[in-house]
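Since the structure comes first, as structure tokens, the remarks are kept for the end.
The values are calculated or read from the model by the stated rules, or taken from the named source; none is laboratory data. Computed from a predicted model, the values in this text were never measured in an experiment. Virtual Cβ from ideal backbone geometry, glycine too; neighbours counted across all protein chains shown.
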Amino acid sequence: MSSTTTLPPPLATNPTPTTSTRYTAPLTTAHTSGLPIIDISPFLSATSAPSARHKTAQAINAACVNYGFFYLSGHGIPVEKLDEILALARRFFALPLAQKNRIKRFDAGGAEGGDSARGYQGLGENVTGGLQDLQEAVDWYREWDFPGEDGGDGTVKTLQGANLWPEEPVELKSVYEAYIAQVQGVGKALVHAMGVALGLGPPASDDDDAEDENVFVRNCAASFWVMRMIGYPPLSTPLSPGSDPSQFSCGAHTDYGCVTLLLTDPTPGALQVQLRDGTWLNADPIRGAFVVNIGDMIERWTNGLWKSTLHRVVHRGDRYRVSVPFFYEPGFDSVVRPLRECVRRSGRAEMGEGGTYGEHLLTKVFSNFYYSKRTDW
Ligand SMILES: N=C(N)NCCCC[C@H](N)C(=O)O
Ligand SMILES: O=C(O)CCC(=O)C(=O)O
Ligand SMILES: [Fe+2]
């Protein structure tokens with residue numbers, strides 16, 4: 001394939017942010033935002049009652065049909081650990097730029113002519129919908145060693161290689177690696193629950209180990225996860241009442257894979273989620289809970305029964321904001337095509353080409369960087 005990087009077309013004007021509290025399904029517990037709070041613990045314990053799992057699965061289905069977003073509680077990661085993750089992110093971003101640049105991602109514009117998505121990216125380096133985001137970030141991906149130079153086809157180099165870890169804070173690497181192991185377990189339980197919520201049973205098998213497995217769990221077994229640590233200085237442009245934002249901390253986008261487990265500091269009014277009617281809802285954080293949303297691969301698998309919902313960050317507070325999303329995704333080579341049962345239920349034609357998650361991810365990553373000058377794929 002030979003083409004230059006094309007950015008997505010500019011977004012149509014965004015609707016005015018709102019703090020709507022409407023929701024359309026009977027949900028047992030809801031935050032003031034209206035987004036449901038869902039307890040995943042029945043899927044983390046092997047001994048939980050079937051009725052408890054059923055309740056969780058039903059709540060997930062309602063949340064994914066109505067919003068594509070919810071809060072997740074009962075995940076078992078202590079709140080002190082979550083606070084520590086955020087505090088370490090804040091300490092890293094407070095370092096001088098020269099020090100942060102010591103783990104700078106290897107840029108396409110660099111003298112050596114390669115690029116890498118792993119590492120630190122400075123303010124304005126990430127682009128969404130054709131606009132630079134007012135954020136800086138560090139990306140870590142599942143480590144992936146190719147036997148060959150470029151994985152065979154020259155298109156995956158950007159995602160290869162080892163992660164870059166900062167020297168400071170010294171404990172960041174070990175704390176984050178332990179967290180990644182824990183949060184992957186939550187991701188696995190969550191996609192398991194999602195398969196149950198959709199009535200996607202395990203494959204017919206005599207193998208006891210496969211008893212609980214469904215198509216989501218299987219495809220995430222070698223999850224090509226992404227961990228992202230983001231820092232957001234406040235946007236400076238004033239917003240007059242009723243006007244649309246012209247600058248974003250992170251422009252409106254959908255996430256790419258299965259589920260995002262988002263951890264943020266307590267800053268309110270920053271993360272906004274688009275409702276079905278096109279208005280924007282503030283999804284303010286709940287301490288100790290994750291904000292969860294589904295990504296493009298779940299939308300494709302379900303043939304749109306569950307939507308990968310647009311969301312954005314518009315941070316106008318007065319304090320530097322940090323967030324740490326963990327993206328629990330399919331394997332890089334997972335072929336994702338609509339599930340026959342979901343196509344039938346949706347009553348719509350089969351959506352999407354049915355390519356691999358890796359192909360989707362690469363398309364996204366190559367359109368994300370302001371400095372990318374990629375011409376060789
Ligand atoms: N790995 C995930 N999902 N990262 C989400 C990043 C979203 C913003 C990005 N600039 C974009 O336009 O997609
Ligand atoms: O920082 C946030 O609240 C959300 C970030 C986000 O949506 C993303 O990185 O995909
Ligand atoms: Fe996102």
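When S246 is tested against (1) polar (S, T, N, Q); (2) at pLDDT below 95; (3) within 16 Å of ligand 3 (Cβ to nearest atom), only condition (3) is not met.
Looking at segment 269-371, the helices (runs of 4 or more DSSP H) lying wholly inside it that each contain 2 or more residues that are within 16 Å of ligand 3 (Cβ to nearest atom) and aliphatic (A, V, I, L, M) sit at 296-301, 357-366.
A quick yes/no check of all residues on (1) assigned to a helix (DSSP H, G or I); (2) touching a His at 6+ places or on another chain (Cβ under 9 Å); (3) of a type in the set (A, V, I, L, M); (4) at pLDDT 95 or above:
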position	(1), (2), (3), (4)
T21	no, no, no, no
S33	no, no, no, no
V65	yes, no, yes, yes
I77	no, no, yes, yes
E80	yes, no, no, yes
A89	yes, no, yes, yes
F92	yes, no, no, yes
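Taking first residues from segment 17-40 that are over 18 Å from R276 (Cβ atoms) and partners that are modelled with pLDDT under 80 and among the hydroxyl-bearing types (S, T, Y), the Cβ contacts under 7 Å between residues at least 6 apart in sequence or on separate chains come to T32/T21; I37/T29. Within segment 182-196, identify whether any single residue is at pLDDT 95 or above, within 19 Å of A94 (Cβ to Cβ) and not acidic (D, E), and answer yes or no. There is no residue in segment 182-196 that is at pLDDT 95 or above, within 19 Å of A94 (Cβ to Cβ) and not acidic (D, E). Pairs under 9 Å by beta carbon, first residue touching a residue at least 24 places away in the same chain (Cβ under 8 Å) and outside any strand (DSSP E or B) in segment 118-139, partner acidic (D, E) and within 14 Å of ligand 3 (Cβ to nearest atom), six or more apart or different chains? Pairs that qualify, where the first residue is touching a residue at least 24 places away in the same chain (Cβ under 8 Å) and outside any strand (DSSP E or B) and the partner is acidic (D, E) and within 14 Å of ligand 3 (Cβ to nearest atom), are R118/D139; L123/D133; G124/D133; E125/D133. Need the failing condition index for Y71 against (1) part of a helix (DSSP H, G or I); (2) in contact with a His (Cβ under 7 Å, 6 or more places away or on another chain), just the number. The failed condition is (1).
For every residue, the table says whether it meets (1) within 16 Å of ligand 2 (Cβ to nearest atom); (2) under 18 Å from the mean Cα position of the chain (by Cα).
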residue: A283; (1), (2): yes, yes
residue: G295; (1), (2): yes, yes
residue: K307; (1), (2): yes, yes
residue: V322; (1), (2): yes, yes
residue: V336; (1), (2): no, yes
residue: R344; (1), (2): no, no
residue: H360; (1), (2): yes, yes
residue: S367; (1), (2): yes, yes
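Scanning segment 244-267 for residues that are out of contact with any helix residue (DSSP H, G or I) (no Cβ under 6 Å at 6 or more places or on another chain) and more than 8 Å from ligand 1 (Cβ to nearest atom) yields a count of 11. If only one of E149, E171 is of a type in the set (D, E) and modelled with pLDDT under 85, which one is it? Step by step, each of E149, E171 is checked, and only E149 is of a type in the set (D, E) and modelled with pLDDT under 85. Cβ-Cβ contacts under 8 Å between residues 6 or more apart (or on different chains), taken from a first residue in segment 160-178 that is over 17 Å from R102 (Cβ atoms) to a second residue that is hydroxyl-bearing (S, T, Y), are listed as Q160/S116. The set of residues in segment 227-243 being at pLDDT 95 or above and over 17 Å from Q135 (Cα atoms) is empty.
Might you check whether a residue that is small (G, A, S), more than 26 Å from A189 (Cβ to Cβ), within 16 Å of ligand 1 (Cβ to nearest atom) and at pLDDT 95 or above occurs anywhere in segment 319-336? There is no residue in segment 319-336 that is small (G, A, S), more than 26 Å from A189 (Cβ to Cβ), within 16 Å of ligand 1 (Cβ to nearest atom) and at pLDDT 95 or above.
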